[in-house]
Every structure is written in C-alpha cells, then in structure tokens.
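Before any comments, here is the structure.
What follows is calculated from the coordinates using simple rules that are stated; it is not laboratory data. Values in this document were obtained by computation on a predicted structure and should not be read as measured data. Ideal geometry is used to build each Cβ from the backbone, glycine not excepted, and the neighbour counts take in all protein chains shown.
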Amino acid sequence: ERVGITDHVTVMDVIINKTMSNLKVWAHHGEIVEKSLSLFQELASGYSSSKTLLKLNVIILALQHHGPSQLPFLTVSGNPRNRTSFYMTLTRILLMDDNGVMDFEAYMSPFVPVLQHLNAFFNNQMPGGTEGPAREEAKSLVTGVLRDLR
C-alpha cells in the first residue's frame, strides 16, 4: 500500500519481472540465479499463485521464449540444477493452464532447433563431420535438452 500497489496481481508482476530480469542480467552470478529460481519455484508451487502467474505477460513470454538467447543463465556451464529447476517450474505453470492460454506445442518450439541439430549430427549430416568438437557439442546438447525435458 505504501508504494501504491493495491492488488496481488500487480505485486506478483513486479516480483516476477525482477526475477526474470535477474536471470537475464546476472546469469554468471550463481547465488543471485539460485535465489531468483528459488523464489520463482516458491511462487509457482501453490495452486492460486500458479493461476495468478498465468495472468502475467512476463510468464506468457517466458513460456513462449525460454531459450538460451532470452535467458543467458541457461548457457552457463556448471549450473545443471538451476536449469532443471527453471524448466520444472515453467512446466508446472504450463500444466496449470486450464484456459488454453499457452499451447504445449508452442512451449516446446524453442527445443525444436536443438533437436534438429542433434538429428543432423546423428544422421552424419554435420558439416565438418561428427568427431572432435562436434561430438563434444552434441554430447553437451543431448545432456542439456534431456535435463530440460525431464
């Protein structure tokens, strides 16, 4: 009330916008990322709060655009638990949607380029072959995408 915010949806919007901003700006600061993800997970853990999150534009955008180009913390090596926590929370929010705000196929669309790249690798269609750096890249992509989809 002191800052002029009177409804819970606006309060949640401010908190989630700051949380997503932290995940974008402070990607290489593990403690900030972990605490932001912990707060995000906590806010999404309740039935009512998950429903409220689905009303927020920032969450709709996150459900549609959740790749490494939008959220750089996903590319930081050594943070597989953060990545898993993020996708577990985002998926929980997606599955709480009874009104069809978000389509499952649209949610999965950021994974398509990675899966196509892996398909090309496993079918030996990679320029430069499937040895050395390409093999390490494929290994990292498989590990990452399987963690994300888990």
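Loop only by DSSP, 16 or fewer other Cβ within 10 Å of the Cβ. Give me the trypsin sites (Lys or Arg not before Pro) in the stretch 1-95 that pass, ordered by residue number.
2, 55
Mean separation of Cα pairs under 8 Å and 6+ residues apart, divided by the residue count of the chain: what relative contact order is that in percent?
24
Give me the base-10 log of I(q)/I(0) for the chain at each q in 0.10, 0.18 Å⁻¹, Debye formula, one uniform scatterer per Cα, rounded to two decimals.
The Cα Debye sum returns log10 ratios of -0.40, -1.08.
Take the residue pairs 35/55; 51/139; 24/55; 24/51 and return only those whose Cα atoms are more than 26 Å apart.
Cα-Cα > 26 Å for 51/139; rest within.
Among 138, 62, 120, determine the one that fluctuates most according to a GNM of the chain built with springs between C-alpha atoms less than 10 Å apart.
It is 120.
Comparing 77, 38, 21, which has the greatest mean-square fluctuation in the GNM of the chain with Cα pairs linked when under 10 Å apart?
77
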